[in-house]
């Protein structure tokens with residue numbers, strides 16, 4: 001039995017949080033494009049960001065803010081323009097955005113974090129941004145989490161949202177989250193944005209440690225296309241409104257909160273992989289038998305990110321050789337004689353030797369997964385064992401379809 005349960009409310013399920021999402025005119029489509037998440041009281045903030053050397057202004061802005069001050073009140077997110085590779089003017093746009101939100105909320109600019117997504121090289125439409133912020137603040141509501149989730153979408157087909165609840169010291173503690181992402185998704189922060197709220201109270205260094213570990217087991221284990229974005233941002237706020245004791249170490253309560261935070265991040269990460277551009281199914285790769293978890297995660301990510309594996313699954317071709325090839329080039333040492341590969345329930349290789357299996361039935365397994373897209377049965381499970389070690393790792397991806405090429409070939413046109 002898990003120590004937490006899913007509840008409604010998404011990003012605003014935790015106490016003391018409000019959200020809003022509106023169409024401010026940043027997107028030419030006229031769809032929602034501006035989101036705001038606000039804590040009624042100061043919240044401890046933690047962040048994980050893109051590892052790219054080409055970064056959006058909002059990423060550098062958030063890093064600087066969090067280095068100086070971990071107490072944050074609000075997150076502003078926009079879709080439509082990435083504000084990446086936009087030079088000094090893009091940096092000024094970030095500063096102005098924070099200033100306008102601060103004025104509307106009557107708080108300090110350094111209590112605001114920013115996140116952007118959209119076309120690289122395009123500045124934010126600042127006139128529309130300035131005009132939209134007062135409307136955005138007026139729309140703040142404890143029931144508007146879904147509106148915020150919709151306002152950060154770009155090529156996403158569905159919004160991504162989750163909330164979980166557990167008991168700590170006899171009182172309910174909640175974590176909620178929203179995310180966006182469909183393409184430019186690859187480990188080392190997958191173009192994804194993710195925002196997490198929590199009404200528990202956690203010491204600042206520990207909250208950052210928790211978020212980093214959750215990211216390593218979720219967002220850093222997904223891949224759609226092998227491309228890392230300029231804007232990847234994961235921000236988590238904890239405001240203490242649950243009135244539970246401060247968690248200062250990884251004790252029983254700390255481990256419970258860590259588990260729930262990781263579960264929220266994994267749900268959002270899998271939703272991103274499932275919604276990969278042009279994808280028809282989710283791929284989950286489970287690896288065991290390595291000497292440590294790091295090696296298992298590395299093999300799993302390599303298999304999930306293999307274009308050949310992804311193409312074979314799209315073609316409903318149970319070609320286990322591509323799985324073996326990807327495992328072998330992951331940079332993790334193992335004996336070929338120990339390799340075992342399963343596709344769903346179909347055992348295809350044991351002790352490094354190929355086995356006979358029903359190819360038609362295995363192909364049908366892949367077809368059924370594609371037919372169940374966006375449902376629980378849409379997952380293609382690949383299981384790999386490389387030895388007798390205790391290491392375990394999981395990664396998630398999606399198949400590679402014709403539509404992925406079409407979407408990205410026409411992205412700015």
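The values are calculated or read from the model by the stated rules, or taken from the named source; none is laboratory data. Keep in mind that what you see is a predicted model, and the values were worked out from it rather than measured. Heads up, the Cβs are rebuilt from the backbone with ideal geometry, glycines too, and the neighbour counts pull from every protein chain shown.
Given the condition modelled with pLDDT of 95 or more, at positive phi and either assigned by TED's automatic domain parsing to the domain that holds residue 250 or surrounded by fewer than 23 Cβ atoms within 10 Å (Cβ to Cβ) (or both), answer yes or no: does some residue in the range 146-156 qualify? Give the steps one after another, and end with the answer.
Going residue by residue through the range 146-156, those that are modelled with pLDDT of 95 or more are 146-152.
Filter once more, keeping what is at positive phi: none.
No, there is no match, as no residue in the range 146-156 is modelled with pLDDT of 95 or more, at positive phi and either assigned by TED's automatic domain parsing to the domain that holds residue 250 or surrounded by fewer than 23 Cβ atoms within 10 Å (Cβ to Cβ) (or both).
List every residue pair whose Cβ atoms sit under 7 Å apart, with the two residues 6 or more apart in sequence or on different chains, where the first one lies in the range 377-390 and is assigned by TED's automatic domain parsing to the domain that holds residue 313 and surrounded by fewer than 23 Cβ atoms within 10 Å (Cβ to Cβ) and the second, anywhere, is in a helix (DSSP H, G or I) and at pLDDT 95 or above.
Once the first residue is assigned by TED's automatic domain parsing to the domain that holds residue 313 and surrounded by fewer than 23 Cβ atoms within 10 Å (Cβ to Cβ) and sits in the range 377-390, its partners that are in a helix (DSSP H, G or I) and at pLDDT 95 or above give 387/338.
Could you check the range 343-354 and list, in sequence order, the residues that are farther than 8 Å from residue 318 by Cβ and either in contact with a helix residue (DSSP H, G or I) (Cβ under 9 Å, 6 or more places away or on another chain) or not assigned by TED's automatic domain parsing to the domain that holds residue 309 (or both)? It would help to see each step written out before you state the result.
Narrowing the range 343-354 to residues farther than 8 Å from residue 318 by Cβ: 344-345, 347, 349-354.
Selection gives 344, 345, 349, 351, 352, 353, 354.
Given the conditions (1) farther than 30 Å from residue 46 by Cα; (2) within 25 Å of the chain's Cα centre (by Cα), and given that residue 301 satisfies all but one, which numbered condition is not satisfied?
(1)
Look at residue 244 and say whether it is closer than 22 Å to residue 387 by Cα and either in a helix (DSSP H, G or I) or more than 21 Å from the chain's Cα centre (by Cα) (or both). So that I can check it myself, show each step before the final result.
Numbers: closer than 22 Å to residue 387 by Cα: no; either in a helix (DSSP H, G or I) or more than 21 Å from the chain's Cα centre (by Cα) (or both): yes.
Judged against the criteria, residue 244 is not a match.
Look through 230, 280, 248 and report the one residue that is farther than 30 Å from residue 370 by Cβ and at pLDDT below 95.
On the way: 280 fails: farther than 30 Å from residue 370 by Cβ; 248 fails: at pLDDT below 95.
So the residue among 230, 280, 248 that is farther than 30 Å from residue 370 by Cβ and at pLDDT below 95 is 230.
State the number of residues belonging to the range 274-288 that are assigned to a helix (DSSP H, G or I) and surrounded by fewer than 24 Cβ atoms within 10 Å (Cβ to Cβ).
Within the range 274-288, the first condition is being assigned to a helix (DSSP H, G or I), and the residues that meet it are 274.
Still in the list and also surrounded by fewer than 24 Cβ atoms within 10 Å (Cβ to Cβ): none.
Matching residues across the range 274-288 total 0.
Is there a residue being crowded, with 22+ Cβ neighbours inside 10 Å and modelled with pLDDT of 95 or more anywhere in the range 65-73?
Quick first cut of the range 65-73, residues crowded, with 22+ Cβ neighbours inside 10 Å only: 72-73.
Checking the rest, the ones that are also modelled with pLDDT of 95 or more come to 72-73.
Taking every residue of the range 65-73 in turn, at least one turns out to be crowded, with 22+ Cβ neighbours inside 10 Å and modelled with pLDDT of 95 or more.
Given 208, 217, which one is buried (at least 17 other Cβ atoms within 10 Å of the Cβ), closer than 22 Å to residue 180 by Cα and at pLDDT below 95? If you could, list the steps in order and put the result at the bottom.
Details: 208 fails: at pLDDT below 95.
Exactly one residue qualifies, and that residue is 217.
Failed condition for residue 328, given (1) within 21 Å of residue 379 (Cβ to Cβ); (2) surrounded by 15 or more Cβ atoms within 10 Å (Cβ to Cβ), with all others met?
(1)
With in contact with a strand residue (DSSP E or B) (Cβ under 6 Å, 6 or more places away or on another chain), in a helix (DSSP H, G or I) and surrounded by fewer than 24 Cβ atoms within 10 Å (Cβ to Cβ) as the only criterion, which of 259, 295 stands out?
Working: 259 fails: in contact with a strand residue (DSSP E or B) (Cβ under 6 Å, 6 or more places away or on another chain).
That would be 295, the only listed residue that is in contact with a strand residue (DSSP E or B) (Cβ under 6 Å, 6 or more places away or on another chain), in a helix (DSSP H, G or I) and surrounded by fewer than 24 Cβ atoms within 10 Å (Cβ to Cβ).
For a quick check of your reading of the model, give me the residue pairs whose first member lies in the range 398-411 and is surrounded by 12 or more Cβ atoms within 10 Å (Cβ to Cβ), whose second is at pLDDT below 80 and assigned to a helix (DSSP H, G or I), with beta-carbon atoms closer than 8 Å and at least 6 apart or on different chains.
399/370
Which of the residues spanning the range 131-141 are surrounded by 15 or more Cβ atoms within 10 Å (Cβ to Cβ) and either out of contact with any helix residue (DSSP H, G or I) (no Cβ under 6 Å at 6 or more places or on another chain) or assigned to a loop (DSSP other than H, G, I, E, B) (or both)?
Filtering the range 131-141 for residues surrounded by 15 or more Cβ atoms within 10 Å (Cβ to Cβ) gives 132-133, 136-137, 139-140.
Scanning the range 131-141 gives 132, 136, 139, 140.
State whether one or more residues within the range 145-157 are in a strand (DSSP E or B) and closer than 25 Å to residue 42 by Cα. Spell out how you get there, then give the answer.
Of the residues in the range 145-157, the ones in a strand (DSSP E or B) are none.
The answer is no, given that none of the residues of the range 145-157 is in a strand (DSSP E or B) and closer than 25 Å to residue 42 by Cα.
Considering only the range 120-130, how many residues are within 15 Å of residue 22 (Cβ to Cβ) and loosely packed, with under 14 Cβ neighbours inside 10 Å?
Qualifying residue count for the region: 0.
In the list 72, 162, 124, which residue meets the criterion of being in the same structural domain as residue 264 (by TED's automatic domain parsing) and closer than 30 Å to residue 281 by Cα? Step through it out loud before you land on a result.
Numbers: 72 fails: closer than 30 Å to residue 281 by Cα; 124 fails: closer than 30 Å to residue 281 by Cα.
That would be 162, the only listed residue that is in the same structural domain as residue 264 (by TED's automatic domain parsing) and closer than 30 Å to residue 281 by Cα.
Take residue 230 and tell me if it is surrounded by 18 or more Cβ atoms within 10 Å (Cβ to Cβ) and in contact with a helix residue (DSSP H, G or I) (Cβ under 7 Å, 6 or more places away or on another chain). I'd like the intermediate steps shown before the answer.
Values: surrounded by 18 or more Cβ atoms within 10 Å (Cβ to Cβ): yes; in contact with a helix residue (DSSP H, G or I) (Cβ under 7 Å, 6 or more places away or on another chain): no.
Here the answer is no, as residue 230 does not meet what is asked.
Considering only residues of the range 262-273 that are buried (at least 22 other Cβ atoms within 10 Å of the Cβ) and touching a helix residue (DSSP H, G or I) at 6+ places or on another chain (Cβ under 7 Å), which is modelled with the lowest pLDDT?
Applying the filter and picking the extreme gives 269.
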